[in-house]
1. Can you pull the Kirkwood radius for the range 65-152, inverse mean 1/r over Cα pairs, to one decimal in Å?
2. Count the lysine pairs in the chain whose Cα atoms lie under 15 Å apart, taking only pairs 8 or more positions apart in sequence or on different chains.
3. Over the chain, with every protein chain in place, what whole percent of the accessible area is carbon and sulfur at 1.4 Å, could you tell me?
4. Using the Karplus curve 6.51 cos²θ - 1.76 cosθ + 1.60 with θ = phi - 60°, work out ³J(HN,Hα) for each residue of the range 80-95 in order, rounded to whole Hz, and write x for Gly and Pro.
5. State log₁₀ I(q)/I(0) for the range 105-152 at q = 0.24, 0.31 Å⁻¹ as given by the Debye formula over alpha-carbon point scatterers of equal weight, solvent excluded.
6. When the helix-only estimate is applied to the chain (DSSP H runs of n ≥ 4, each -39,500 (n - 2.57), divided by the residue count), what is the mean residue ellipticity at 222 nm, nearest 500 deg cm²/dmol?
7. Roughly what angle does helix 2-17 make with the longest principal axis of the chain, taking Cα atoms, 0 to 90 degrees, to the nearest 10?
8. Would you indicate which of (1) -0.40, -0.75, -1.08; (2) -0.22, -0.67, -1.15; (3) -0.23, -0.70, -1.26 is the value of log10 I(q)/I(0) by the Debye sum over Cα atoms at q = 0.08, 0.14, 0.19 Å⁻¹ derived from the coordinates of this structure?
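The values are calculated or read from the model by the stated rules, or taken from the named source; none is laboratory data. Computed from a predicted model, the values in this text were never measured in an experiment. Protein only, heavy atoms only, side chains kept; ligands, DNA and RNA dropped before computing areas. Shrake-Rupley method; radii C 1.70, N 1.55, O 1.52, S 1.80 Å.
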Amino acid sequence: MKKLIYICLLLPLVAFQSCKKAASPGDNYDFSNPLPPYAEFKALTGLSVKLAANQTTAGTAKVTFITRTALQQDVTVTYSVTGAVNLANQTIVIPKDATTSAEASITIPAKTAPGTAVVTINKVVAADGTLLAIGKDNVAANQKVTITITQL
């Protein structure tokens, strides 16, 4: 009987001890420095476009953009293509509540000389005007896709 009384007396002590916030593991996670919302290429692997030898058929390269998290508004990604093909300020929209854009088709004209073109992200803007980061590390120079153009 004495053992039961001792157990009943120690139970509240143990219960209150576990309620101390400073000593309670798992209640003090630090979320003060999360990654900001960002957009980037789905894949940074190089693309290859082979143009027909007849020089009458254009080629296409397709890139896809993704965001870190789905936002409650549309996100507009502005990108440019430089090199063998020059296309400035092209845009594609990632719809609200989605993390992936539709494929952006980059048309390579039929008479383009063999060479390379580089696709880079210029800026990412949410519908309310908020600028988003470009890539996980917010270094736009790391977000490039190379397109290799060849003639058959």
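1. Numbers: mean 1/r = 0.0715 Å⁻¹.
Result for the range 65-152, one decimal place: 14.0 Å.
2. The number of close lysine pairs in the chain is 9.
3. That fraction is 59 percent.
4. 9, 10, 10, x, 4, 10, 10, 9, 9, 6, 7, 10, 8, 10, 9, x
5. The calculated log intensity ratios at q = 0.24, 0.31 Å⁻¹ are -0.89, -1.15.
6. Per the formula, -3500 deg cm²/dmol.
7. Its long axis makes an angle of about 40 degrees.
8. Among (1) -0.40, -0.75, -1.08; (2) -0.22, -0.67, -1.15; (3) -0.23, -0.70, -1.26, the one derived from this structure is (1).
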